[in-house]
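Structure first, commentary second.
Read-outs throughout are calculated quantities, based only on the coordinates presented, and are distinct from any laboratory measurement. Every value quoted in this text rests on a predicted model; they were computed, and no experiment measured them. Ideal geometry is used to build each Cβ from the backbone, glycine not excepted, and the neighbour counts take in all protein chains shown.
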Amino acid sequence: MKKNFALFATVAALGMTACTEAPKENWTDCVLDVAACQLKQTAIELTDSTAMPMPRCTWTGYDVDFLKRQLEADVNVDSLHPVPGPERLGKRRLCGIVDWTSGFFPGSLWYAYELTGDEELKAQAVRYTNLLYPIRQLTGTHDLGFMINCAYGNALRLAPNDTIADVLIETAETLSKRFDPQIGCIRSWDFGKWNYPVIIDNMMNLDLLFNASKLSGNKKYYDIAVQHARTTMKNHFRPDYTCYHVVSYNNDGTVESRGTHQGKNDESSWSRGQGWAVYGYTLCYRETKETDFLQQAIHVADMIMSRVQTNDSIPYWDYDVPAAAETPRDASAAAVAASAMLELSTLAPDGQKYYRYAERLLKNLSGKNYLAEKGTNNGYVLMHSTGSLPHGSEIDTPINYADYYYLEAMKRYLDMQK
Ligand code: GLY
């Protein structure tokens with residue numbers, strides 16, 4: 001940790017970015033100042049990393065007894081990621097362009113540019129977005145929406161040209177090949193024990209399909225998105241509107257199994273999954289105006305507001321874990337929910353309560369417990385997210401998608417103040 005921080009601090013001291021030192025009275029100005037400084041500095045520092053160009057998180061370790069206490073069960077040690085050695089622990093973990101999180105750093109640069117008007121952030125956003133060009137033909141994953149829409153989708157909004165539109169359309173075509181009409185869903189993963197796994201996260205890829213449908217005039221992408229959302233609504237949710245992480249299907253479309261991969265156990269409610277759900281159904285209503293999608297988003301949002309019991313509303317990594325001082329939060333789940341609920345507040349009849357909840361999340365994320373100080377946190381904006389605790393992976397660490405959805409939420413919030 002120390003060595004990496006030293007590198008970061010040295011580059012900052014060289015004055016390669018203009019991070020102002022004075023704290024801002026207005027909390028949103030302070031957030032933008034921190035985000036612009038952290039992201040720009042990171043972009044500069046990674047200039048020479050070609051094989052692993054994107055920042056993903058900070059390397060973390062774990063203790064197996066701690067994992068057992070969190071899971072309130074024994075641990076399958078075969079499924080654990082190795083604890084990183086001392087040369088990695090606490091340092092920035094990078095990833096390649098085929099990683100599911102590769103779109104978030106370029107996307108964060110786009111939001112930071114949009115929020116500040118800083119042309120250097122734009123230049124870096126263009127540079128990191130272009131690295132993802134080969135992903136449009138990647139066939140082995142459903143994460144293409146995360147990877148391409150967060151990067152190229154924002155590029156199209158902020159620096160439009162025809163090439164960008166073509167990338168989005170070609171990627172949607174690649175993703176659509178993972179849709180099985182008999183099952184009515186896009187297949188998520190090609191690994192593991194399941195026949196046809198579909199994870200709730202997959203709802204986040206639908207924005208890419210809706211965008212590509214509008215850009216190309218091809219309704220096929222729209223129809224796939226709507227069918228995927230309907231099938232998921234039918235099979236992923238419990239009567240209390242919490243959702244399973246993984247639903248696997250038989251080839252005839254019947255459900256093979258319901259369970260989890262990253263949550264505490266099969267019947268628990270994994271925090272980020274609940275965030276993906278409210279975000280996914282909100283976007284589906286925005287694009288289709290199907291009231292069933294709006295009702296689903298409202299039910300999930302209400303469930304989140306009643307189930308998150310922490311004093312600052314930033315959830316523990318799963319809703320069903322022990323409420324203990326050692327239990328890690330997941331700031332990324334809060335950032336996703338904040339962004340979704342701001343949009344939902346503009347669509348739902350009783351929108352004010354979602355606006356107020358999202359504002360509370362954003363203010364708490366922007367306080368000293370979660371927002372990094374400039375020059376720290378390996379260049380990430382937020383602290384305290386959790387990737388996959390049952391695998392011993394990314395526990396209580398900064399993660400690039402927390403930053404992305406936090407900045408998206410800030411953008412939505414500031415637009416609503418105008
Ligand atoms: N899509 C994987 C995750 O949310 O961790």
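Quick notes on this structure:
- Largest GNM mean-square fluctuation among 81, 384, 236, using the chain with Cα springs under 10 Å: 81.
- Euclidean distance of C-alpha centroids, the stretch 138-167 and the stretch 60-112, integer Å: 25
- Relative contact order for the stretch 15-164: 23 percent, from Cα pairs under 8 Å spaced at least 6 residues apart, divided by residue count.
- Scattering profile of the chain at q = 0.08 Å⁻¹ [log10 I(q)/I(0), Debye over alpha-carbon scatterers]: -0.40
- Pairwise FRET efficiency - residue 290 versus residue 312, Cβ, R0 = 51 Å, nearest 0.05: 0.90
- When the convex hull of its Cα atoms is projected in every direction, mean area for the stretch 111-191 (nm²): 6.0
- Residues whose amide H comes within less than 5 Å of that of residue 185, counting only those at least five positions distant or on another chain, are 180 (H built at 1.01 Å from N in the peptide plane).
- For the stretch 207-351, the square roots of the Cα gyration tensor eigenvalues, ordered a ≥ b ≥ c, give a/c of at least 1.5 with a/b no greater than b/c, which places it in the oblate category.
- Here the relative contact order of the chain, from alpha carbon pairs under 8 Å that lie six or more residues apart, stands at 18 percent.
- Orientation-averaged projected area, Cα convex hull of the stretch 301-356 (nm²): 3.8
- Partners for residue 353 among lysines (Cα-Cα distance below 20 Å; same-chain residues under 8 apart left out): 363, 411, 418
- Test item: Cα-centred dipole of the chain, Lys/Arg +1 and Asp/Glu -1 on Cβ, debye: 300
- The string of couplings for the stretch 353-365 from the Karplus curve (6.51, -1.76, 1.60, θ = phi - 60°) is 5, 6, 4, 5, 5, 5, 5, 4, 4, 5, 5, 5, 5 Hz, one whole number per residue in order, with x for Gly and Pro.
- Residue of 369, 377, 26 that the Gaussian network model of the chain assigns the largest fluctuation, springs spanning Cα pairs under 10 Å: 26
- Remark on residue 95: its backbone amide H falls under 5 Å from those of 54, 56, a criterion applied only to residues 5 or more positions apart or on other chains, H modelled at 1.01 Å from N.
- Gain on full stretching of the segment that runs from residue 195 to residue 68 - 0.36 nm per residue minus C-alpha separation: 42.9 nm
- Cα-Cα separations in the stretch 23-103 greater than 18 Å, expressed as whole percent: 63
- Excluding same-chain neighbours fewer than eight residues apart, the aspartates and glutamates reachable from residue 214 by a Cα-Cα span under 19 Å are 162, 166, 170, 173, 223, 287, 290.
- Among 267, 359, 326: highest mean-square fluctuation, GNM of the chain, C-alpha pairs under 10 Å: 326
- Positive end of the dipole of the stretch 183-280 (Cβ unit charges, origin at the Cα centre): among 251, 229, 270, the Cα lying farthest that way belongs to 229.
- R0 of 41 Å, Cβ-Cβ distance residue 254-residue 98: FRET efficiency to nearest 0.05: 0.80
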